[in-house]
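First comes the structure, then the notes that go with it.
Laboratory data are not the source of any read-out in this text; all were calculated from the coordinates shown. As the structure is a computational prediction, the values presented were derived from the model and not from experiment. Every residue, glycine among them, receives a Cβ derived from its backbone with ideal geometry; neighbour counts consider all protein chains shown.
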Amino acid sequence: MAGVVAVAAESLAGGRARAARTVLDQVVLPGEELLLPEQEDAEGPGGTGERPLRLNAGVRARVRVVCGPGLRRCGDRLLVTKCGRLRYKEPGGGGGGVYWVDSQQKRYVPVKGDHVIGIVTAKSGDIFKVDVGGSEPASLSYLAFEGATKRNRPNVQVGDLIYGQFVVANKDMEPEMVCIDSCGRANGMGVIGQDGLLFKVTLGLIRKLLAPDCEILQEVGKLYPLEIVFGMNGRIWVKAKTIQQTLILANILEACEHMTADQRKQIFSRLAES
């Protein structure tokens, strides 16, 4: 790990840009410039012609490459803004795929479309103020619930847990949440029940648990019947039949971040026997 960081630091100090495909799953540092493969290289796939990503490439068609968290386009360059491992996702239906930096960030930055768990902190007229773990609270209108009208207001009190999604999230405006989808349905969003346990984990663990190939949730579901809600802001709400089972599940989910697959199997087998 130290050797990988040293290579990245040497590249950054020397001002040399590295090819993105050669540093996948490796550590990249803020300020480092990445080179993407030339999509129309005359040498075909696997050619050596690489240059920084050009946004004004002329009239020739190019495959679109999406930059996720931790990367920023500055003119015709692709710069790293966070320290972490560079990840890549193959395109589903054509395109150049998605690049992003997987970092162990603890502070949440609101992103449009993210589903989060918030805590109602205040009522201000027709607006609820919701703490989502960001730099400022999000606003939630009383009309942003399924079936809500001026006469039929939702029963939301200060201290309630809210599961919703962002419809407005940028650095120049206050974040805005809703508890309905594009069709006006709740679709599982709204006020979370009074019972259960809310705890906070790292953002990296949340992304790991929500991955399609994650086996942790399948193993946890075999232990006890449970209800669980994941928020992209690093919050998890879980509820089991008893308080003891709820605490066990919370401790397992917190510890899974630093466990190997064999260690998880040993713990789950012990709990299943007991």
Where a ≥ b ≥ c are root eigenvalues of the Cα gyration tensor, a/c under 1.5 meaning rounded, otherwise prolate if a/b exceeds b/c and oblate otherwise, the range 212-274 counts as oblate
Row for the range 143-210, column shape: gyration tensor on C-alpha, a ≥ b ≥ c, rounded if a/c < 1.5 i.e. under 1.5, prolate if a/b over b/c, else oblate; value oblate
Highest mean packing first, using Cβ neighbours within 10 angstrom, the peptides 64-73, 258-267 sort as 64-73, 258-267
Residue separation between residue 247 and residue 268 times 0.36 nm, minus their alpha-carbon distance, gives in nm 6.1 nm
Output ordering of 157-166, 222-231 (per-residue mean of other Cβ within 10 Å, highest first) is 157-166, 222-231
Ranked output for segments 195-206, 128-139 by mean other Cβ atoms within 10 Å, highest leading, reads 128-139, 195-206
Length gained if residue 187 through residue 223 is fully extended, taking 0.36 nm per residue and subtracting the Cα-Cα distance, is 10.3 nm
